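Reviewing the structure listed below.
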Amino acid sequence: MVLQNSAALKQSPINNMKNNTERSIGTNSADIRCFCKKHAAEYINSGSYILKRLNYERTTLDKCDKCDRLGLDFILIEKKDNYR
């Protein structure tokens, strides 16, 4: 049963999305974070990161990782130097 659970974990939608994102960007530094609109905009405008929504169907909000406002889950990917 443990083998089945680990196999299911490897095939979970979050892991598949993270692996596809890593392949498309060519990096292993993807991280799942929760950001409010303000902090999401800061990462996007910095030019050093790519932010992708984790799940567009999810409408519930969680606390932002940087402040106590409500926000959404994102995949945070640091760009390599040649993509900046």
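Please treat every number below as a calculation from the coordinates, not as lab data. Keep in mind the model is a prediction, meaning the values are calculated, not measured. Reconstructed Cβ throughout: ideal geometry from the backbone, glycine too, with neighbour counts over all protein chains shown.
Exposure proxy shown here: for 36, 67, the number of other Cβ atoms within 10 Å sets the order, fewest to most, as 67, 36. Rounded to 0.05, the FRET efficiency of the residue 56 and residue 31 pair, given R0 = 25 Å and the Cβ-Cβ distance, is 0.85. Here's how it looks for residue 54: its modeled amide H is under 5 Å from those of 73, 74, 75, which are all 5 or more places away or on a different chain.
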